[in-house]
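Worksheet: one structure, shown below.
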Amino acid sequence: MTGKLTVVGTGPGSPDQATPEALAAIAASHVFFGYGPYLDRLTLRDDQRRVASDNREELARAKDALMTAASGERVCVVSGGDPGVFAMAAAVCEAIEAGPPAWRALELSIVPGVTAMLAVAARVGAPLGHDFCAISLSDNLKPWTVIEARLRAVAGAGLVIALYNPISKARPWQLGSAFSILREVLPWSTPVIFGRAAGRPDEAISVVTLADADPAKADMATCVIIGSPETRIIERPGQSPLVYSPRGVQK
């Protein structure tokens with residue numbers, strides 16, 4: 001018996017932002033591995049079962065899912081957002097590379113999803129309309145010195161920056177430090193977007209300048225987008241402002 005492993009992203013949280021391809025993959029799977037709150041978003045049938053684990057157990061989760069698929073099951077590994085953006089697809093690939101030959105023989109499908117920075121950007125306009133990058137502020141898998149160097153490099157190169165995993169109880173200082181680094185390079189008038197839980201009932205979106213960016217506005221459900229020197233704010237009477245990055249560098 002040959003199993004199958006599918007890695008899906010359920011989007012930022014709203015059921016409307018899960019793609020039809022992801023929903024079809026979920027319907028076709030029997031065993032689901034994922035972080036508990038992400039599995040809670042699924043409506044499963046009686047013949048489907050879930051295996052929840054903590055959010056810092058990605059590699060162990062990937063190995064368990066691969067072993068289950070190798071036994072002949074149709075397995076689904078569930079991420080929020082897009083599974084290839086700071087999520088489970090990379091952990092699954094890492095496990096396959098280091099694992100037994102049987103795992104390389106498995107049928108594997110990775111289904112794209114709507115990642116948080118796209119949902120947040122759509123709420124305010126088009127801040128990602130030109131060159132941009134995404135950086136995780138978590139230093140669980142890389143040193144903080146590497147994060148600092150990358151922030152300085154991409155800000156100096158004029159890229160819009162989407163920050164994932166900006167703050168947590170274990171590392172409450174890092175977003176404030178990131179803002180301090182960016183203020184050394186960018187104009188303090190640069191737009192900063194705090195996008196919390198985009199698409200969910202508790203969504204909170206705000207636009208401030210880099211000068212006024214307060215780390216206390218963020219938590220682990222927040223994606224923070226920092227504009228480039230080219231990013232603009234269009235004020236609109238009676239409506240939220242539009243934030244966008246022009247398609248070309250202004251002369």
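The values are calculated or read from the model by the stated rules, or taken from the named source; none is laboratory data. These numbers were taken from a predicted model, which means no experiment stands behind them. Positions of Cβ are generated from backbone atoms using ideal geometry, with glycine treated the same way; all protein chains shown enter the neighbour counts. Quick note on the areas: whole protein, heavy atoms, side chains included, nothing else; ligands and nucleic acids left out. Shrake-Rupley method; radii C 1.70, N 1.55, O 1.52, S 1.80 Å.
Of everything in the range 6-29 that is open to solvent by 40 Å² or more (accessible area, probe 1.4 Å) and free of Cβ contacts under 8 Å to residues at least 60 places away in the same chain, the residue that is nearest to the chain's Cα centre (by Cα) is PRO15.
For residues in the range 223-251 being polar (S, T, N, Q) and assigned to a strand (DSSP E or B), which is farthest from SER136 (Cα to Cα)?
Of everything passing the filter in the range 223-251, GLN239 is farthest from SER136 (Cα to Cα).
Return the residue satisfying two criteria in turn: it lies in the range 168-223 and is acidic (Asp, Glu) and more than 20 Å from ASN55 (Cβ to Cβ), and of such residues it is farthest from the chain's Cα centre (by Cα). Filtering first and then ranking leaves GLU184. Scanning the range 30-51 for residues that are farther than 21 Å from ASN140 by Cα, open to solvent by 60 Å² or more (accessible area, probe 1.4 Å) and of a type outside the set (D, E, K, R) yields HIS30, THR43.
The number of residues in the range 93-119 being more than 14 Å from ALA25 (Cβ to Cβ), outside any loop (DSSP other than H, G, I, E, B) and more than 11 Å from the chain's Cα centre (by Cα) comes to 10. Within the range 223-233, being in contact (Cβ under 8 Å) with a residue 60 or more places away in the chain and either open to solvent by 70 Å² or more (accessible area, probe 1.4 Å) or of a type in the set (Gly, Ala, Ser) (or both) holds for GLY227, SER228, PRO229. Checking each residue in the range 72-91 for being in contact (Cβ under 8 Å) with a residue 40 or more places away in the chain, in a helix (DSSP H, G or I) and either touching a helix residue (DSSP H, G or I) at 6+ places or on another chain (Cβ under 8 Å) or surrounded by fewer than 20 Cβ atoms within 10 Å (Cβ to Cβ) (or both) picks out only MET88. What number of residues in the range 97-107 are open to solvent by 70 Å² or more (accessible area, probe 1.4 Å) and touching a strand residue (DSSP E or B) at 6+ places or on another chain (Cβ under 9 Å)? Number of matching residues: 1. Of all the criteria given as (1) open to solvent by less than 70 Å² (accessible area, probe 1.4 Å); (2) at pLDDT 95 or above, the one not satisfied by GLU94 is (1).
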